[in-house]
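Novice: Dropping the structure in here first, questions after.
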Amino acid sequence: MKRYSVFAVAREALRHHTGWERAWRSPEPKKKYDTIIVGAGGHGLATAYWLGKNHGIRNVAVIEKGWLGGGNTGRNTTIIRSNYLQDPSAAIYEKSRSLYETMSQDINYNVMFSPRGVMMLAQTQHEVRGFKRTAHANALQGVTTEFITPARVKELCPIMEIGGPRYPVLGALWQPRGGTARHDAVAWGYARACSDMGMDIIQQCEVQSIRRENGKVTGVGTTKGDISCDRLGIVVAGHSGVLAEMAGFRLPLESVALQALVSEPIKPCMDVVVMANTVHGYMSQSDKGEMVIGGGADGYNNYTQRGSFHHIEETVRALIETFPMISRLKMLRQWGGIVDMTGDRSPILSKTPVDGVFVNCGWGTGGFKAIPGSGWAMAELMATGASPLADPFSLSRFREGRFIDESVAAGVAH
């Protein structure tokens, strides 16, 4: 694989861009792999990458029923933060945030990481107390955050109205090293790196069955034929329950749609990410000038990937009070993604009742920020059978009552 660099760009410009290689191979599946990862989104590709990079496991296939990065990885709002309350959550999200900072150099692909800062607005006294508690917890965890005053909020985001009658801004939990990245580039960069290590990325290949023998996984049946394996990783977000049922066990998940929208592009006016949990809304401005807007998940189980009018109404009407300028904007496009929610709003990275089958799911609406750390932990779990980052998130916690309750710290659970 040729390295990308300023010199390569200049050379190819002189060649009229005729010398670029394909970013990743699209091979036919082999009959057997050491490891199969189902799901070629960010988490699945990151798992494959760290299996190869950290553990030398490279006879790997990443299987995707659609196209690479076409699920939630390409449908999110790109927020990256690690200001969570519980220690296990802060550990894995901070690992992920730190990996994002060096990802472009590590995989030789510009993921456009932008550490512009993330603030979570406190608009009730309850939120003030909650976010101050989180700031103290973060200090003990080594995560850099602080609770800032309304005046500081206004200084960081001048377009915000902090004195609204219904939702006044009383302060905010501020993480200056949080930010955003380009979601498609994360998937493409990992895919390119995996392909360079000899791994097979197989698109348009739907898993239809999971084969078992004496309680151990032996392979999968797909639309491209049967493929054998010694280890199987299920990393399919909202469809995790469907794959688990194929393998013969159930997961404590429910799948719902999370919707978002972007406005028409405008001149730069906002260089931070703002989350308003009281009104279930959050907003940032993309590199192209669009205002990226999202809110809470749908209140009923569904597998839709479309937007709906009630989401625009509920999310935007609340945000307009805090950001009056957006009342004059036109919506450019709207979409939905299928997210998988656990009861404690924390993920599952775990072995399963089937020997050789592992699951990485339950990230809810916060999956994008966790991609590199999730892949690191999942790869370690699959390669060695244990991981300090993943172990607290095992399936056994639901049976044993060891919940990792992030329903408050996650706010709108992103």
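Novice: Specify the inter-centroid distance of segment 271-327 and segment 50-85, based on alpha-carbon positions, in whole Å.
Specialist: Centre-to-centre distance over Cα atoms comes out at 24 Å.
Novice: Pairs of alpha-carbon atoms within less than 8 angstrom and 6+ residues apart define the contacts here; what relative contact order does segment 189-229 have, in percent?
Specialist: 26
Novice: A further question on this structure: So which aspartates and glutamates can residue 224 reach, going by Cα to Cα under 16 Å and dropping same-chain residues fewer than 8 places off?
Specialist: 28, 64, 200, 206
Novice: If Lys and Arg each add +1 and Asp and Glu each add -1, what is the summed charge of the other residues whose beta carbon sits under 13 Å from the beta carbon of residue 49?
Specialist: Result for the local shell: 0.
Novice: Quote the FRET efficiency, to the nearest 0.05, computed for residue 269 versus residue 9 with a Förster distance R0 of 41 Å and r equal to the Cβ-Cβ distance.
Specialist: Here the calculated transfer efficiency is 0.85.
Novice: Let me ask you something else. With a point put 7 Å past each Cα toward its Cβ, work out how far residue 228 is from residue 287 in nm, to one decimal.
Specialist: In this crude label model, residue 228 to residue 287 measures out at 4.5 nm.
Novice: Could you give the length gained by full extension between residue 206 and residue 108, i.e. 0.36 nm per residue of separation minus their alpha carbon distance, to one decimal place?
Specialist: Result: 32.3 nm gained on full extension.
Novice: Please give the helix 371-384 orientation as an angle from the longest Cα principal axis of the chain, in degrees from 0 to 90, rounded to the nearest 10.
Specialist: Helix 371-384 sits at roughly 30 degrees to that axis.
Novice: Relative to the longest principal axis of the chain, what angle (0 to 90°, nearest 10) does the C-alpha long axis of helix 42-55 take?
Specialist: 60
Novice: Cross-link partners among aspartates and glutamates for residue 132, C-alpha distance below 13 Å, same-chain residues fewer than 8 apart left out?
Specialist: 146
Novice: Quick check for you: with a 1.4 Å probe and neighbouring chains kept, what is the accessible area per residue of segment 68-162, in Å²?
Specialist: Per-residue value: 41 Å².
Novice: How much accessible surface does residue 177 have with a 1.4 Å probe, in Å² rounded to 10?
Specialist: In the full protein context, residue 177 sits at about 110 Å².
Novice: Under a plain spin-label model, where a point goes 7 Å from the Cα along Cα-to-Cβ, how far apart in nm are residue 23 and residue 213?
Specialist: 3.8
Novice: Given the pairs 65/288; 30/95; 154/267; 216/369; 2/95; 31/95, which span a C-alpha to C-alpha distance of over 26 angstrom in this model?
Specialist: Checking Cα-Cα distances, 65/288; 30/95; 216/369; 2/95; 31/95 exceed 26 Å.
Novice: Here is a further query. For segment 119-157 and segment 355-390, write down the distance between their C-alpha centroids in whole Å.
Specialist: Spelled out, the Cα-based centre of one part sits 28 Å from the other.
Novice: Still on this structure: With the full set of protein chains in place, find how many percent of the accessible area of segment 273-340 is carbon and sulfur; take the probe as 1.4 Å.
Specialist: Exposed carbon and sulfur together represent 53 percent of the surface.
Novice: With every protein chain kept in place and ligands, DNA and RNA left out, what is the accessible area per residue of segment 185-282? Probe 1.4 Å, answer in Å².
Specialist: 37
Novice: What's the ranking of 287-294, 25-32, 116-123 by average number of surrounding C-beta atoms within 10 Å, highest first?
Specialist: My ranking of the peptides, most packed first, is 116-123, 287-294, 25-32.
Novice: Still on this structure, please answer the following. Per 0.36 nm of contour for each residue apart, how much would the distance between residue 398 and residue 55 grow if the chain were fully extended, relative to their Cα-Cα spacing?
Specialist: Contour length minus Cα-Cα distance gives 120.5 nm.
Novice: Now, a different point. Helix 125-141 versus the longest principal axis of the chain: what is the Cα-based angle in degrees, 0 to 90, to the nearest 10?
Specialist: Rounded to the nearest ten degrees, it is 50.
Novice: Of the accessible area of segment 108-161, with the probe set at 1.4 angstrom, what percent is carbon plus sulfur?
Specialist: The value for segment 108-161 is 56 percent carbon and sulfur by accessible area.
Novice: Here is a further query. For residue 155 and residue 304, FRET efficiency with R0 = 30 Å and r from the beta-carbon atoms, rounded to 0.05?
Specialist: That gives a FRET efficiency of 0.15.
The values are calculated or read from the model by the stated rules, or taken from the named source; none is laboratory data. Predicted model, so just to flag it, every value in this text is computed and none were measured. Quick reminder, even Gly has a Cβ in these numbers, built from the backbone with ideal geometry, and neighbours come from all protein chains shown. Heads up: the accessible areas ignore ligands, DNA and RNA and are worked out on the full protein's heavy atoms, side chains in. Shrake-Rupley method; radii C 1.70, N 1.55, O 1.52, S 1.80 Å.
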